[in-house]
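The values are calculated or read from the model by the stated rules, or taken from the named source; none is laboratory data. Source: prediction; values computed, not measured. Here the Cβ positions follow ideal geometry from the backbone for every residue, glycine too, while neighbour counts run over all protein chains shown.
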Amino acid sequence: MKSSKPKLLKDLINKKNAILILENGDYYWGNGIGAKGQTIGELCFNTSMTGYQEIITDPSYAEQIITFTFPHIGNTGTNIHDNESKSPVAKGVVLKANVTVASNFRSDLNLSEWLKNKNIIGIQGIDTRSITSLIRENGYINGMIINQVKKDLNIKEAIKSIKSWQGLEGADLASVVTCKKQYKWKDKSYFNKNYFNIKNSNFKLNSKKNVIVIDFGVKQNILRMLADRNFNVIVVPLTTPLNKILKLKPDGIFLSNGPGDPKATSVIVKDLLLKLFNTNLPIYGICLGHQLIALALGAKTEKMRNGHRGANQPVKYNKNNKVEITSQNHGFVVKRNTLSEFAIETYTSLFDGVVEGIKVKNKQIYSVQYHPEASPGPHDTYGFFDSFYNAVNKIKKKNA
């Protein structure tokens with residue numbers, strides 16, 4: 001008797017039961033995976049060759065449909081450890097190759113079933129190269145995935161729905177994905193705990209310092225990185241007032257990544273950030289956190305044509321011209337010519353020259369546009385968390 005799994009996969013591969021429709025009128029037939037139904041979002045592309053589960057569960061992908069440029073997505077299955085959030089908010093996924101039976105000792109569930117469980121709609125068997133080229137040449141575009149197409153499908157009506165969708169500009173999505181109440185985070189990394197480079201012989205003897213993470217859509221690997229460094233990590237909603245934050249007796253503040261238009265979220269948190277700046281606490285930010293720091297200082301942000309999403313993005317550390325390879329996921333960027341006189345540009349993209357990091361003069365306030373926690377991605381920039389550890393513990397760097 002033959003296994004039922006290959007039969008189900010064969011049936012799926014041979015049936016064109018899903019469609020991807022773009023607002024410009026283009027459409028692509030494919031095979032549906034994951035949840036059934038339809039979804040609308042902004043199409044983006046990610047060039048990472050690994051870490052598809054981490055990418056899909058990154059809260060920064062709220063309201064976005066992820067097109068993977070790497071063709072073989074799903075071949076290692078999914079597991080309970082590689083999630084970056086409990087409830088993914090990505091609107092959908094677009095794949096080139098049909099998902100095969102998972103082949104990895106860590107796999108608990110194949111990708112299609114995992115997507116179904118997470119209520120994420122997907123389509124496979126699509127010419128992702130043409131979609132990537134379209135976005136790269138013409139800028140971001142909105143689209144719709146329909147899994148299980150009905151006979152009465154009206155593509156013109158679908159295009160109207162896509163065009164009427166509100167889009168990401170002006171959208172405060174961080175308020176949607178932020179935690180509803182504060183919580184403590186204790187989990188550390190699953191791999192070798194000695195990967196970081198803290199030059200402090202008393203590290204294990206130090207009492208735990210309180211780090212308050214303001215959650216704009218935090219990736220769990222950021223929290224693991226902080227827990228690895230012996231911090232007492234407390235995560236709070238972005239609407240938490242200053243007095244409640246100070247009652248937690250913070251030794252440092254960490255501003256997380258997150259989705260949406262930073263200008264919209266800045267309206268909510270700008271006053272809080274300015275008050276925090278006056279506390280002289282070390283304040284570090286990643287991605288959206290970086291943009292919110294810049295906006296609070298008077299800078300402006302703008303939407304990019306196609307964004308940076310991948311695990312091979314080179315940046316230059318402007319202090320010594322060192323090149324670091326980074327993981328990135330952002331569709332908005334800080335405008336260099338609007339940077340405050342109090343801000344120093346620390347990192348610059350070697351792809352297109354955009355601002356990748358800033359430091360506030362005479363303050364322990366640092367931020368980066370890229371993702372030093374990676375997941376997925378290279379480990380070149382783990383030192384960002386070591387720097388935060390040193391700032392919180394008042395450890396001076398030699399030759400600084």
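Details
- The residue that is farthest from the chain's Cα centre (by Cα), among those in the stretch 115-135 that are part of a loop (DSSP other than H, G, I, E, B) and among the aliphatic types (A, V, I, L, M), is ILE126.
- The set of residues in the stretch 238-250 being surrounded by 15 or more Cβ atoms within 10 Å (Cβ to Cβ) and not hydrophobic (A, V, I, L, M, F, W, C) consists of THR240, PRO250.
- Across the stretch 312-330, the qualifying residues are those that are in a strand (DSSP E or B) and among the basic types (Lys, Arg), and the one among them that is surrounded by the fewest Cβ atoms within 10 Å (Cβ to Cβ) is LYS322.
- Close pairs from the stretch 99-116: first farther than 16 Å from ASN83 by Cα, partner of a type outside the set (Phe, Trp, Tyr) and in a loop (DSSP other than H, G, I, E, B), Cβ under 6 Å, at least 6 apart: VAL99/GLY74; THR100/ASN75; ALA102/GLY77; ALA102/ASN110; ASN104/THR76; ASN104/GLY77
- Tabulated pairs, the stretch 292-304, first over 19 Å from LYS359 (Cβ atoms) and assigned by TED's automatic domain parsing to the domain that holds THR239, second surrounded by 15 or more Cβ atoms within 10 Å (Cβ to Cβ) and not hydroxyl-bearing (Ser, Thr, Tyr), C-beta under 6 angstrom, 6+ apart or interchain: LYS303/GLU169; LYS303/PHE332; MET304/GLY331; MET304/VAL333
So that you can scan it fast, the table gives a plain yes or no per residue for (1) out of contact with any helix residue (DSSP H, G or I) (no Cβ under 8 Å at 6 or more places or on another chain); (2) part of a loop (DSSP other than H, G, I, E, B):
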site: ASN83; (1), (2): no, yes
site: ASN98; (1), (2): no, yes
site: VAL101; (1), (2): no, yes
site: ARG106; (1), (2): yes, yes
site: GLU113; (1), (2): yes, no
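- Among (1) touching a residue at least 40 places away in the same chain (Cβ under 8 Å); (2) more than 29 Å from THR69 (Cβ to Cβ); (3) assigned to a loop (DSSP other than H, G, I, E, B), the one test that PHE351 misses: (2)
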